[in-house]
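One structure below.
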Amino acid sequence: LLGSLGLAAMSNSMDDIANNARSIFVIGSNITENHPVFGTRIRQAVLRRKAKLITASPIFYNIEEYATLAMRYKRGSESALLNGLMKIILDNGWMDSKFIQERTQGFDDLKAAIEKVDLERVSRETRVPVEKMKQAAQVIAANRPCSMVWGADISHQGANAGAVRNLANLQLMLGNL
């Protein structure tokens, strides 16, 4: 995150996410157990403000009971899943082109890499059906701003530095920062 955004911590406050996000993507986090106050705030955003919640995790976490869509992926395939979401967003033109042009660097390199992503291969690697990835990408892209929340399943695994970078790239692609 530091290398992508220049921030070593989250880019938004809990209040900002709970009060303003139109969608919330929780990946690799047992948010209601590990951060009960934040988990409650996310549930309240879903129930009171009708924020759209997308969850992705290798196992069931109770936050997905509130989700518009839940994806269960193979542990360690987070980067691939996020690449698949970015591929779908690019293919459908759902990115924020103005934000990208004005506020990012190196997008053409990212775009070239993402264009090579094969969604069927991503599906086999992650065990998430392509259709579910498409539904998740559509919800995230159509309900901006979207807040990305991740937890120990991602941040405590050294091999997942790419997943955190992909989360930052996804947020930049959508103009959510």
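The values are calculated or read from the model by the stated rules, or taken from the named source; none is laboratory data. These numbers were taken from a predicted model, which means no experiment stands behind them. With ideal geometry, Cβ positions are generated from the backbone for all residues, glycine too; neighbour counts draw on all protein chains shown. For the accessible areas, the whole protein counts, side chains as well, though only heavy atoms, and no ligand, DNA or RNA atoms are used. Shrake-Rupley method; radii C 1.70, N 1.55, O 1.52, S 1.80 Å.
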Interchain or sequence-distant (5+) residues whose placed amide H lies within less than 5 Å of the amide H of L69 are L53, T55
Segment 41-130 - percent relative contact order, Cα under 8 Å, separation 6 or more
28
Using DSSP to call loops (not H, G, I, E or B), can you name the trypsin sites (Lys or Arg not before Pro) in segment 89-177 whose Cβ has at most 16 other Cβ atoms within 10 angstrom?
K116, R127
Give me Rg/Rg_expected for segment 57-133, where Rg uses Cα atoms only and Rg_expected = 2.2 N^0.38 Å with N residues.
1.24
Just to confirm my numbers, what's the Cα centroid distance between segment 52-72 and segment 82-145 in Å?
19
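Given all pairs of different Cα atoms, what value in angstroms does the Kirkwood hydrodynamic radius of the chain take?
16.1
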So what does the Cα-only Debye profile of segment 93-177 read at q = 0.18, 0.21 Å⁻¹, as log10 I(q)/I(0), no solvent term?
-0.96, -1.29
Could you tell me the accessible area of D109 in Å² (1.4 Å probe, neighbours in place), rounded to the nearest ten?
120
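Using only Cα atoms, what Kirkwood radius does segment 25-95 have, in angstroms?
13.0
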With +1 assigned to the C-beta of every Lys and Arg and -1 to the C-beta of every Asp and Glu, and no other charges, what is the dipole magnitude of segment 58-97 about the Cα centre in debye, to the nearest 20?
220
Enumerate by residue number the chymotrypsin sites (Phe, Trp or Tyr not before Pro) in segment 46-150 meeting two conditions: DSSP loop (anything except H, G, I, E, B), and at most 15 other Cβ atoms within 10 Å of the site's Cβ.
F60
Determine the shape class of segment 101-150: with a ≥ b ≥ c the square roots of the Cα gyration tensor eigenvalues, call it rounded for a/c under 1.5, and otherwise prolate if a/b is greater than b/c, oblate otherwise.
oblate
